[in-house]
Amino acid sequence: MSKKIVLIDGHSILNRAFYALPVLTNSEGLYTNAVLGFLNILFKILDEEKPDYLTIAFDVHQPTFRHEMYAEYKGTRKAMPEELRGQVPLLKEVLKAMKISILEKGGYEADDILGTLAVRAEREGYEVSVVSGDRDLLQLATDTIKIRIPKTKKGGTEIENYNTKDVMETYGVTPKEFIDMKALMGDASDNIPGVPGIGEKTAAKIIMSFSSIENAYAHIDEVTPNKARESMINNREQAYLSKTLATIKTDCEVDYRIEDADYQEIYNEDAYNYFKRLELKSLLNRFSGVNASNAKSKKEEETKFETITGKKKAGEIFDAAVKVSGSGPVGFYLITEGEVLGLALSFGEDTCLLLAAEEAEALSGQDITAGLGRLLAAGKSFATLHLKEQLVFLPEEVREGIDDIAIAAYLLNPLQSSYECDDIARDYLKLTLPSQAEIFGKGSLKEFLKLKKEESTAFFCNYAYTALKAMPLVLEELRLKGMDSLYNTIEMPLVYALYDMEQRGIKVNKEELKEYGDKLTVGINRLEKEIYEMAGEEFNINSPKQLGVILFEKLHLPNGKKTKTGYSTSAEVLEKLQSEEPIVGKILEYRQLTKLKSTYADGLAVYISNDGRIHGKFHQTIAATGRISSTEPNLQNIPIRMELGREIRKVFIPEEGYVFLDADYSQIELRVLAHMSGDERLIEAYKENQDIHRITASLVFHTPFEEVTSEQRRAAKAVNFGIVYGISSFGLGQGLNISRKEAEDYINRYFDTYPGVKTFLDELVNEGKTEGYVTTLYGRRRPIPELTSSNFMTRSFGERVAMNSPIQGTAADIIKIAMIRVNEKLKALKLRSRLILQIHDELLIEAHKEEAEEVRKLLKEEMQNAAELLVTLEVDVNEGPNWYEAK
DNA sequence: ACTGTCACG
DNA sequence: ACGTACGTGACAGTT
C-alpha cells in the first residue's frame, strides 16, 4: 500500500469555514468561528483518511492598498472582514502548536504550491488528497490525486471527492481540459478575463469537441455557435493569456520534504492549551485524559498541590488554616457525592491541600466537616464556588460570611454557559485548567478520587485555589461596577433561601399522580386509534417528519410555514388548519395529552423522594436577565393555562396540618415599566388601581372605559405584553394574528398614549449601544453584544433584549428581595411555615394551619414592600388544600 | 448533539 | 430586503 498525503488549501478552507459558521468569540473577545470550522474539517479528514503526511498551504498575500481597492471596485475580491482577518494568524499558531507542517511561500499562490506538491508527491508514489473550497483545483485531479471539496450541508459538512472520472462525470471534460474550459469562460473572482460572450455552457461544449483551445483555434471554422467563434477570433490573445492564468503551476521552487510533514503529536500540551484558551470545547475531548491532565498550569507548578490523609495531619492543617483565617481569606471546596469525600483548602501564599476522606477509623467525612466548622467559626473571610451545593454539610451556625465566587462571576457576566472552576480561572486568573468532563467524564467522584490520586488532587485543589485567588479580583470589579450591593444584599442572601426551598421540597400525592397518568393514557390510546383511522395508516404521530408527510403530502393540506428540515407542524400552524381536516384537531389533542403524560405525569413521578416530596433544584446563575431557573424537575412550568393540564396541580399538596398559600404579583413587569419610564399617564392609570388592560384600551382606542370591548381589551393586553418583550410590529402581529401594518398602528397609538414609555425604551436601546450593556433598578447588568452586529436580525434581537432585560430583570430583583425577607422572617419568628417554590412573580408557601393568617399578612406585606416604586405593587394571596385550589 | 414542539412566567 | 415577539427546561425523534 502506498503512503498517503493530505494537502490542504489553508485560506480557502478557513474562508469557507468562516462563512459557514455563525460568529463566535471566546471570552477574551477573539473571533474563533473560522478556526473552529477549519479544525472540524481537518479532523474529519484526518479521521477519514488517516494519512501518513499532512501539509497546510497558505499564500502569503500582501495585497497593496491599491490592489485591494481595485479588486473591491471590480466587485471581485471583497476585502477580508475584520472578524476573519485576525483568525488567519490565529489558525497558523494553532497549527504550529499542533506541530502540523505549514507551507507558505511569498510570490506563489496557495494553488500553485498545492499543485507543485501534489504532482511531486504523485511522482514519488504517494496517494494524494488535496482539500480546498476552490474548484479551480479540479484540474489537478488524476487517478491518484483526489480533489476534496467540503460542502456545508444541513447537519454538518459533507466532502465531495473528485478523481479523474468524477471530474468527467460532473463536467464532461477531463481535468486537463478543465483549464481550457476556464480559459474560455473566465472567472471573475480570479481575475481571469476569458473570452467575452462565452459562459460555462458554451465553454463546455467547445472543449468537449476540441479538447483544448489550441485545437479549437486550429479548427476555428468548425467552432459553433457563430457568436462564440467570432468572439474567439477577436480575443485570441486574451484566450491564451487566460489559459496561462488558469493553469495552476506544478513546478514551483519550494523547499519542502514530504518526510517532514509527518504529523506525530497533534494532541500535545501546547495545542491543548490553545484549544482551551479559544474555548473550542467540542474539540477538547480529542485530547485524551492523559494529555489533558498533563497540561499543568504554571501556577500548579509553583503552588504545591498535596493530598493529606490521616486524622492527626488533618488536625494540624486545620490549626494552620484557623490561624491564617484571622488575617486573610481562605478558599475551600467541599467535595461531596451524597457524603463528604474530601475538602480542598487554599490559604496563605501557596498552600493548597486536599484532605481526602478515608475508610475505617482514619480521617472520616465527619472529621472533615467538623474541622471545616471549626475553621469557619474562627475566621471571617472565606471563598468557595457553588456554596448552595455544600451547605447541607456545613454546620448550621457557620454557614454565613462565605463568598460564592461563581455567583460573583455570574453577576459580572451573566451570559456564560457555566461558572465552573476552569471558567473562572480562565476569566480572572488567566489560567488554563481542565474541566471535570475532560479529566474524568461523568464517572463517580469517589472512584475518581480513589483511582486517579494525582489528578484529583490537582483538580480539587484548583477549586479552592481559584476561589481564593479570584475572590479579590471579582469583588473589586463588582465594587467598580456598582454591583457590590446587589451581590451582598440580594444574590448572596438568596443562596440560603434557595437552599431552604430545595431542602424542604414539595409534597406530591403519588397515587393521584398515577391515576392522572392512567386517565391520560386512556385518552391517548383513543386518539391514537382515531388518528390512524383518519390517516388510513399507522405512523409515529410524535415525529414531526412523519406527521408532515401525512398532513401535507397524503392529505394535501396547505403547508404554511416550513422549518429548516421540512414542514412545520407546530400548534400555531395546525390551529389554522383545524377546519380543513378533523384529523388536525385530534392531533392537537393528542399532542396535549402526550405532553402532559411524558413531561408531567411520568416525568414528575421519578423525582419523588422517599419522603414523598420532590426536591427540585433552583439555579441562580443561568438566566441572563437575573431570573431563577428550575430543573430536575422544572417546577416553574407546571401547566395552568388549559384545564386538563391545570388538574395536575391537584397532586401538589401541603403536609398534614398545613395549607398552601400562593401569592403572586399583579403585573409586576408593567408596574416596573411604569416606574422606570416615569410615564405619567401609565403611573396615573395604575393609581386608579383598575384593570390596566382595559384602561390602556380605553386610552389607545379613545373609548370610554365602560365601553371598551373585549376585543379591544385583548388587543391592549397584547400590546402591553409586546412592550415588555421589546416591541416589534411583526411580533405583535403574530401574537394578535393581525397584519404587520395594523400592529404598527396599535404600537403607534400606544406610544402616543404613553409617550414616556417610548422615550424610555429608546433610551434603553441607546444606552445598550453606547455602553454595551443595560441595567436593572438594582444595578444588575446584561451585556448585549448583538447590538453591534451588522446583521439586521441579530441587531434587532439585541434591541428587543435592551428593552426587555431591565424590565424583566428588575422584576426578578424585586421578587428575590421578597423571597429573602419572607424566608428570613418565617425563620426569625420561629414559624413552621416555609417558602417552597418561586415561579418568577409568584411564591408558594406551605403554611401551618395555625399560622396561615399571620403568614398571609407577612407574605403580602413583604412582597408589596420589597420595592418602593412610583406605583404600588399589588399582591394576590390565595389559600387552598392543593396547588390547584390555591391558585 | 441537535431540532421541533410545548409547558410556564 | 432582512424575518422575531422576552426568559426558561423537558421530552421525543432524528442525526
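On the beta carbon distance between A:Lys311 and A:Glu854, with R0 = 51 Å, the FRET formula returns roughly 0.60.
Applied to the range A:524-530, the Karplus parametrisation 6.51 cos²θ - 1.76 cosθ + 1.60 on θ = phi - 60° returns per-residue 3J(HN,Hα) values of 4, 4, 4, 4, 4, 4, 4 Hz, with x for Gly and Pro. Mean separation of Cα pairs under 8 Å and 6 or more residues apart, divided by the residue count, gives chain A a relative contact order of 9 percent.
Amide H contacts for A:Val131 (H built 1.01 Å from N in the peptide plane; partners 5 or more residues away or on another chain; cut-off under 5 Å): A:Leu7, A:Ile8, A:Asp9, A:Arg148.
Centroid-to-centroid, using Cα positions, the range A:593-668 and the range A:181-247 are 72 Å apart. Would you calculate the separation in nanometres between label points at A:Lys249 and A:Asp350, each defined as 7 Å from the Cα along the Cα-to-beta-carbon direction? So the two model labels end up 5.5 nm from each other. The lysines whose alpha-carbon is closer than 23 Å to the alpha-carbon of A:Lys860, local same-chain residues fewer than 8 away aside, are A:Lys687, A:Lys816, A:Lys825, A:Lys827, A:Lys830, A:Lys849, A:Lys887. Restriction of the GluC sites (Glu not before Pro) in the range A:561-620 to DSSP coil positions whose beta-carbon has at most 10 other beta-carbons within 10 angstrom yields no sites.
Calculated from the alpha-carbon coordinates, chain A shows an Rg and a Dmax of 33.9, 109 Å respectively. Amide H contacts under 5 Å for A:Ala141: none, restricted to partners 5 or more places along the chain or on a different chain, H placed in the peptide plane at 1.01 Å from N. If a/c stays under 1.5 just call it rounded; otherwise compare a/b with b/c (prolate if a/b is bigger, oblate if not). Do that for the range A:399-511, with a ≥ b ≥ c from the square roots of the Cα gyration tensor eigenvalues. Taking the square roots of the gyration eigenvalues as a ≥ b ≥ c, the range A:399-511 is oblate. Helix A:792-828 and the longest principal axis of the Cα set of chain A meet at an angle near 20°. Grab the other residues whose beta carbon is less than 11 angstrom from that of A:Pro196, score K and R as +1, D and E as -1, and report the net. Result for the neighbourhood of A:Pro196: 0.
Checked against a 28 Å cut-off, the cross-linked pairs A:Lys586/A:Lys650; A:Lys92/A:Lys453; A:Lys313/A:Lys446 give Cα-Cα distances beyond that limit for A:Lys92/A:Lys453.
Across q = 0.09, 0.14, 0.20, 0.22 Å⁻¹, the range A:507-614 modelled as identical point scatterers on its alpha-carbon atoms has Debye log10 I(q)/I(0) values of -0.30, -0.62, -0.98, -1.11, in the order of the q list. Packing, taken as the mean count of other beta carbons within 10 Å per residue, orders the peptides A:257-269, A:93-105 from highest to lowest as A:93-105, A:257-269. Amide H contacts of A:Gly772: none lie under 5 Å away among residues 5 or more positions distant or on a separate chain (H built 1.01 Å from N in the peptide plane; Pro and chain starts excluded). Calculated FRET efficiency, A:Asn542 to A:Glu511, Cβ-Cβ distance, R0 = 35 Å: about 0.80 to the nearest 0.05.
Extension gain for A:Val60 to A:Lys3 (0.36 nm times residue separation, less C-alpha to C-alpha distance): 17.6 nm.
Would you mind getting me the FRET efficiency between A:Lys529 and A:Glu553? Use the beta-carbon distance for r and R0 = 25 Å, nearest 0.05. Efficiency, from the Cβ-Cβ distance: 0.65.
A short reminder: the numbers here are calculations on the coordinates, not readings from a lab. All values derive from a computational prediction rather than experimental measurement. Glycine also receives a Cβ, built like all others from the backbone with ideal geometry; neighbour counts cover every protein chain displayed.
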